[in-house]
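Asker: Have a look at the structure that comes next, please.
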Amino acid sequence: MIQPLLVRALPNHRLYLEFADGAKGEVDLSDLVGKGVFESWNDYRFFEQVRIGDHREIKWNDDIELCADSLYLKLTGKAPKDLFPTLRKN
């Protein structure tokens, strides 16, 4: 589990992320806007309130949070087995 160090909202519902291992870059979340709990992101000022939560989660409020590991995988293009070695078959 790699610690997220920085998250910042960017235009068009993208996030800029930096992780403790040096990985950094942008993740596009525009495909989620307006769907279910992500309806709140229709107000871009709300989307800009993103932060890192107490348990590594990327969150906006108590109802909307994303797993830092899933965002890391999306950012780096790595597979879950790369991040979690116990998933590898022996």
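Asker: Name the residue, out of LEU5, LEU73, that is under 26 Å from LEU87 (Cβ atoms), of a type in the set (A, V, I, L, M, F, W, C) and either in contact with a Leu (Cβ under 7 Å, 6 or more places away or on another chain) or at pLDDT below 95 (or both). Steps first, answer last, please.
Answerer: Working: LEU5 fails: either in contact with a Leu (Cβ under 7 Å, 6 or more places away or on another chain) or at pLDDT below 95 (or both).
That would be LEU73, the only listed residue that is under 26 Å from LEU87 (Cβ atoms), of a type in the set (A, V, I, L, M, F, W, C) and either in contact with a Leu (Cβ under 7 Å, 6 or more places away or on another chain) or at pLDDT below 95 (or both).
Asker: Mind checking which pairs have a first residue in the range 70-90 that is among the charged types (D, E, K, R) and a second that is exposed (fewer than 11 other Cβ atoms within 10 Å of the Cβ), Cβ under 7 Å, 6 or more apart or different chains?
Answerer: Matching pairs, first to second residue: LYS81/LEU87; LYS81/ARG88.
Asker: Within the range 37-80, how many residues are charged (D, E, K, R) and over 17 Å from GLN3 (Cα atoms)? Step through it out loud before you land on a result.
Answerer: In the first step, residues of the range 37-80 are kept if they are charged (D, E, K, R); the result is 39, 43, 45, 48, 51, 54, 56-57, 59, 62-63, 65, 69, 74, 78.
This time we only want the ones that are over 17 Å from GLN3 (Cα atoms), so: 39, 43, 45, 48, 62-63.
Looking only at that region, the number is 6.
Asker: In addition: Mind checking which pairs have a first residue in the range 16-39 that is within 15 Å of ILE52 (Cα to Cα) and a second that is aromatic (Phe, Trp, Tyr) and assigned to a helix (DSSP H, G or I), Cβ under 7 Å, 6 or more apart or different chains?
Answerer: What qualifies is PHE19/TYR72.
Asker: Are any residues in the range 3-18 of a type in the set (D, E, K, R) and in contact with a helix residue (DSSP H, G or I) (Cβ under 9 Å, 6 or more places away or on another chain), and if so, which ones?
Answerer: ARG14
Asker: Identify all residues within the range 47-84 that are surrounded by 15 or more Cβ atoms within 10 Å (Cβ to Cβ), in a helix (DSSP H, G or I) and not β-branched (Val, Ile, Thr); write none if there are none.
Answerer: PHE47, ALA68, ASP69, LEU71, TYR72, LEU73, LYS74, LEU75, LEU83
The values are calculated or read from the model by the stated rules, or taken from the named source; none is laboratory data. Not measured: the values here are computed from a predicted model. Neighbour counts are summed over all protein chains in view; Cβ atoms, including those assigned to glycine, are modelled from backbone coordinates with ideal geometry.
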